[in-house]
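Structure, as structure tokens:
The values are calculated or read from the model by the stated rules, or taken from the named source; none is laboratory data. From a predicted model like this one, the values you see are computed outputs, not experimental measurements. As a convention, Cβ positions derive from the backbone with ideal geometry for all residues, glycine included, and neighbour counts pool all protein chains shown. When the accessible area is computed, the model is the full protein with side chains, heavy atoms only, and any ligands, DNA or RNA have been set aside. Shrake-Rupley method; radii C 1.70, N 1.55, O 1.52, S 1.80 Å.
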Amino acid sequence: MEIITAKTPWEGHTEDVPMHLDYFEGSMYDKVEQIAEEYPYNVALDFMGSKITYRSLIDNINNCAKALKTIGIRPGDRITIAMPNCPQAIYMFYAVNMVGGIANMIHPLSAEKEIEFYLNESESVTAVTLDQFYHKFENIRENTKVVNIIIASIKDELSRPIRAGYMLTEGRKIKKIPKDAPVIRWDDFMKISRFSYGTHRVKRESDDTAVILYSGGTTGTSKGIELTNKNFNALGQQVIAANPMFRPGDKMLAAMPLFHGFGLGVCIHTMLSQGGRCVLIPRFTPKSYAKQMVKQRCNFVAGVPTLYEALLKLPKMERADLSCLKGVFAGGDSLSIELKKKLDKWLYDHNAVIQVREGYGTTETVTACCLTPPHMYKPGSIGVPFPDTYIKIVKPDTEEEMPLGEEGEILLAGPTVMKCYMKHPEETAQTLRHHADGLTWVYTGDLGYMDNEGFVYFKGRAKRMIITSGYNVYPAQMENILEAHEAVQMSCVIGVPDPYKMQKVKAFVKLAAGFDPTDETKEQILSYCRKNIAKYAMPYDIEFREELPKTLVGKVNFRVLEEEEMAKIKAAEEETAEEG
């Protein structure tokens with residue numbers, strides 16, 4: 001069987017890109033420590049006016065690791081990190097790795113019930129979050145096995161002038177934590193390190209589980225994805241190999257969130273494991289992104305298509321000089337050909353000598369494993385596989401390979417493939433399959449094809465999934481939550497096209513007997529959703545129906561509802577055009 005690899009597209013065009021790499025053997029922390037020894041005085045983290053060198057980074061990680069050992073963290077323990085992109089989150093992430101623990105990464109804006117699920121699913125013994133999220137954790141704490149909650153604050157890592165401004169604005173909005181709250185404040189936690197005796201460093205192997213990220217799996221139910229040290233270290237080496245223009249000291253705008261493989265794998269670990277500099281953005285908005293990109297003269301930026309769409313409309317970017325850019329990457333959702341054209345022109349108009357490059361990947365492979373080469377673009381293509389990563393197209397859910405140019409299911413193999421779905425052996429077996437070629441393949445559920453030069457084209461998702469502003473929303477999961485409400489007999493959640501978010505979430509509900517389709521009922525259900533669903537996944541509207549459309553086998557036919565919404569949008573556009 002012939003496997004189409006990255007060899008054809010990379011080779012002959014970019015001599016600096018090797019076909020195969022020698023991968024680092026050791027933990028994620030080991031790799032960052034190696035870099036710190038080489039560049040101790042280079043800036044590793046840049047956070048709202050504060051600059052942290054590699055030497056300081058290692059010192060802080062070590063103190064954090066000693067404190068973890070002192071509070072009783074043992075090898076294999078799971079520690080939940082629910083933090084934005086800030087220095088404390090980075091220290092904790094690598095400290096957990098250093099003491100042999102497993103970092104369970106979750107969205108800090110998750111609803112209380114979601115946090116409870118993540119803590120219990122991972123069996124976390126410790127949770128780390130910011131002061132502004134404390135009350136959500138405290139409300140569900142007794143339903144979990146969490147022993148310690150460590151509370152950090154953004155202000156503690158700010159330079160003095162910026163700290164004063166923060167406390168007069170954002171800091172004032174944070175609800176006070178009771179003085180007798182059963183938590184460990186970050187400063188007190190770091191001081192505990194003085195009471196650590198003996199070694200706090202635990203030797204971990206490349207194939208040991210190091211991180212848990214979450215995805216919907218094949219059923220739409222949230223699954224913890226176990227990723228290894230090698231998965232992250234290999235990704236770092238692959239990303240840099242595919243970007244030979246990178247030099248140690250180059251700046252990456254790290255705005256993509258830490259609970260996302262794109263943010264954690266590309267923007268943070270790739271940079272810190274290769275000598276780059278992370279410009280941390282704790283609050284992810286187009287304005288903050290644009291401001292830091294220009295002010296810090298960033299060399300690399302990564303984002304979802306909706307972010308770039310918003311950047312094009314920002315008046316403050318009109319005179320921005322972007323000649324510093326070496327790489328602009330789009331991922332998390334499909335980049336339309338039209339948006340790419342507009343973005344490339346925008347980059348050219350702002351003195352950039354590069355174009356946006358689209359990538360593709362899944363959380364089951366950490367994040368991107370396919371990227372458009374810097375020298376060669378094909379309209380509609382998501383690029384070519386990284387070194388040592390293989391992609392093949394098969395007849396969905398089989399091993400039967402499709403001819404070049406014909407559409408099928410996208411399969412991935414390589415050193416970034418996950419270890420397993422945590423506690424879900426059946427779904428792991430369904431997603432990871434060992435073939436006769438000796439490789440273990442991820443069945444992505446995504447549809448696409450490959451051309452005769454190895455370029456891959458993404459065509460759609462076989463799995464039912466909504467992507468809103470780069471976040472994955474799984475309708476089956478949402479419907480389970482909705483149908484737990486006493487007023488809801490049956491529901492169906494769909495994605496509706498949106499010019500900014502790409503898709504927004506809409507829910508259709510058949511009410512249970514005794515409930516009327518009133519505004520009051522709608523508000524009751526929406527209020528319930530706010531407590532159980534993350535902000536980014538909240539339905540923008542709930543439409544009541546006496547009946548929901550069904551398929552021949554009796555399932556709710558979500559495609560009919562999608563078609564109805566598309567027809568409404570088309571009719572509205574035609575009406576607007578006639579009025580114009």
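Note down the Stokes-Einstein diffusion coefficient of the range 25-151 in µm²/s, whole number, using a Kirkwood radius over alpha carbon pairs, 37 °C, and 0.692 mPa s. Write out the running numbers ahead of the final one.
Working: Rh = 15.1 Å.
So the translational diffusion coefficient is about 217 µm²/s.
Sorted by packing (mean other beta-carbon atoms within 10 Å per residue), highest first, where do 420-430, 519-529 land?
Working: 420-430: 16.1, 519-529: 14.5.
Top to bottom by mean Cβ count within 10 Å: 420-430, 519-529.
Pick out, from 105, 148, 19, the residue whose Cα sits farthest towards the positive end of the charge dipole of the chain, with +1 on the Cβ of Lys and Arg and -1 on the Cβ of Asp and Glu.
Sorting the options by dipole projection puts first 148.
Counting alpha carbon pairs within less than 8 Å and at least 6 residues apart, what relative contact order, in whole percent, applies to the range 492-580? Before the final figure, lay out the partial values.
Values: 84 pairs, mean separation 28.4, N = 89.
Relative contact order comes out at 32 percent.
With an 8 Å cut-off on Cα pairs and a minimum separation of 6 or more residues, tell me the relative contact order of the chain in percent.
Numbers: 1191 pairs, mean separation 77.3, N = 580.
Relative contact order for the chain comes out at 13 percent.
Report the one residue of 249, 215, 273 whose Cα lies farthest in the direction of the positive end of the charge dipole of the chain (charges on C-beta: Lys and Arg +1, Asp and Glu -1; origin at the Cα centre).
Most positive-ward Cα: 249.
Provide the per-residue ³J(HN,Hα) series for the range 524-533, in order, calculated from phi with Karplus coefficients 6.51, -1.76, 1.60 and θ = phi - 60°, each as a whole number of Hz, with x at glycine and proline positions.
Coupling constants for the range 524-533: 4, 5, 5, 4, 4, 4, 4, 7, 10, 10 Hz.
Quick query: amide H of residue 104 versus all other amide H atoms, modeled in the peptide plane; which residues come in under 5 Å with a sequence gap of 5 or more or a different chain?
Placed amide hydrogens put 79, 80, 81, 212 under 5 Å from residue 104.
Using the per-residue mean of other Cβ atoms lying within 10 Å as a proxy for protection, in what order, highest first, do the peptides 259-271, 333-345, 238-250, 309-321 fall? Mind showing how you got there, number by number?
Values: 259-271: 25.9, 333-345: 16.1, 238-250: 19.4, 309-321: 13.2.
Sorting 259-271, 333-345, 238-250, 309-321 by mean packing, highest first, produces 259-271, 238-250, 333-345, 309-321.
Please give the peptides 483-492, 558-567 ranked by average Cβ packing (other Cβ atoms within 10 Å per residue), highest first, as a rough proxy for protection. Before the final figure, lay out each step's value.
Details: 483-492: 17.3, 558-567: 14.8.
The packing order, highest mean first, is 483-492, 558-567.
Could you derive backbone 3J(HN,Hα) for the range 140-154 from the dihedral phi with the Karplus parameters 6.51, -1.76 and 1.60 (θ = phi - 60°), listing whole Hz in sequence and x where the residue is Gly or Pro?
Each residue's phi maps through the Karplus curve to give 10, 3, 5, 8, 10, 9, 5, 9, 10, 10, 9, 10, 10, 9, 4 Hz.
What distance in nm separates the simple spin-label points at residue 452 and residue 291, each placed 7 Å from Cα in the Cβ direction?
Roughly 5.3 nm, to one decimal.
What residues have an amide H closer than 5 Å to that of residue 538, excluding those fewer than 5 places away on the same chain, when H is modeled at 1.01 Å from N in the peptide plane?
none
Rounded to the nearest percent, how much of the accessible area of the chain (1.4 Å probe, protein heavy atoms only) is carbon and sulfur? Kindly include the intermediate steps, with their values, before the conclusion.
Numbers: 12580 of 25020 Å².
Carbon and sulfur together cover 50 percent of it.
Hey, what did the range 326-471 get for relative contact order, percent, Cα under 8 Å, at least 6 apart?
This gives 19 percent for the range 326-471.
Accessible area per residue, 1.4 Å probe, Å², for the chain: what's the number?
Details: 25020 Å² over 580 residues.
Solvent-accessible surface per residue comes out at 43 Å².
Shape call for the range 187-270 from the C-alpha gyration tensor, a ≥ b ≥ c root eigenvalues: rounded (a/c under 1.5), prolate (a/b greater than b/c) or oblate? Walk me through the intermediate numbers first.
Details: a/c = 1.71, a/b = 1.20, b/c = 1.42.
It comes out oblate by the Cα gyration axes.
Calculate one ³J(HN,Hα) per residue across the range 18-24 by plugging θ = phi - 60° into the Karplus curve 6.51 cos²θ - 1.76 cosθ + 1.60, and present them in order as whole Hz with x for glycine and proline.
Using θ = phi - 60°, the values come out as x, 7, 9, 10, 8, 8, 4 Hz.
Rounded, prolate or oblate: which one fits the chain, using the alpha carbon gyration tensor with axes a ≥ b ≥ c (rounded when a/c is under 1.5, else prolate when a/b beats b/c, else oblate)? Don't skip to the end; give the middle numbers.
Values: a/c = 1.35, a/b = 1.10, b/c = 1.23.
The shape class here is rounded.
If a/c stays under 1.5 just call it rounded; otherwise compare a/b with b/c (prolate if a/b is bigger, oblate if not). Do that for the range 203-338, with a ≥ b ≥ c from the square roots of the Cα gyration tensor eigenvalues.
Details: a/c = 2.20, a/b = 1.41, b/c = 1.56.
Since a/c reaches 1.5 but b/c is at least a/b, the shape of the range 203-338 is classed as oblate.
So, with +1 on the Cβ of K and R and -1 on the Cβ of D and E, and no other charges, what is the size of the charge dipole of the chain about its Cα centre, to the nearest 20 debye?
Approximately 2580 debye in magnitude.
Show that you can apply the helix-only estimate: for the chain, add -39,500 (n - 2.57) for every DSSP H stretch of four or more residues, divide by all residues, and state [θ] at 222 nm to the nearest 500.
On the way: 16 runs with 172 residues, N = 580.
About -9000 deg cm²/dmol.
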